[in-house]
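Let me begin by presenting the structure, written as structure tokens, before commenting on it.
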Amino acid sequence: MKNIKLIAVTFLAVVGIITLTATVRASAATTTATPSLSVNAIYSGAKTVSGKATKGVNITVKSSAKKNLGTAVASKSTGKYTVKLSKALKSGSSVYVYARAKGATKYFYRIIHVQAAKSKTNVTKVTKTATKATTAKTTTTKTTTSTVKKVSPATPTGTWTSNSVNGYKLRYTFSQKTGFSSNVIKSGKSKAVISNATYNVTAKATNFWKITTKTHSGKKGTFYVRFSSNKKFTLVNSKNQKVKVSIGNAPKAVYTLTK
């Protein structure tokens, strides 16, 4: 009888250890997952940085010199956050926004370019003046007003598809959860060139960006884009000039992608 009791106690202890081990592993897996992070557009003079991230993660904002500017915690119910900064941001500068779960070994960050102050109407009025001579040698002036929309994209997030060249199209996808992917499309069939690479954006100007990528195997890449609108960009070189490029098995050509 004593032997039976001893065996029963030993069995329960082993079950308890297995259960505890499974719980610890599950907890570790949760805290080591890479968090998601989106950041709203930042304009000159801003004293806060806001956006949305994985619920409950810590958000840290740093200057380009990696000096802490502020911290906050994403809402545990919505994931939204607002970080109050120690100083106002200036146009043309960049900030690093980090997301990290408490006790996690992995983190995610984005480099955000501070844009010029946002106008109320977000349009620039251009006045054109035309002068017309009359028979009495006097002049009359006619004034017409047109509007030019500002090009000020905040992030490249989304799916972009290019113009067709000999039946080939490029498709670029930027995701805050899965990273950057590029595909070549021909006759409705898609062939992956890059899949789920990490990427960083450096704004050389409001509408001229440098984008660097790194695949899971460690292969790095760089390309440049020039935005002609918030939903259209062209692949250019480092001097912001249109150039013919070849991606995968697509023919070498100038590609413009729209969202």
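Coordinate-derived values only; no laboratory data. Fair warning: this is a prediction, and the values are worked out from it, not measured in the lab. Neighbour counts run over all protein chains shown; Cβ positions are idealised from the backbone, glycine included.
Observations on the structure shown:
- Shape parameters for region 37-113, alpha-carbon atoms, Rg then Dmax in Å: 11.6, 34
- Legend: residue pairs Lys55/Lys210; Lys62/Lys177; Lys106/Lys169; Lys150/Lys242, Cα-Cα distance threshold 32 Å; pairs beyond threshold, Lys106/Lys169.
- The packing ranking, built from the mean of other Cβ atoms within 10 Å per residue, places the peptides 48-59, 237-248, 150-161 in the order 48-59, 150-161, 237-248, highest first.
- Normalised convex hull volume, region 220-259, alpha-carbon set, Å³ per residue: 81
- Under 5 Å from the amide H of Tyr43 lie the amide H atoms of Gln115, each residue being 5 or more positions distant or on a separate chain, with H modelled from the backbone and absent for Pro and chain starts.
- Computed over region 158-258, Cα set: Rg, Dmax in Å: 12.9, 36
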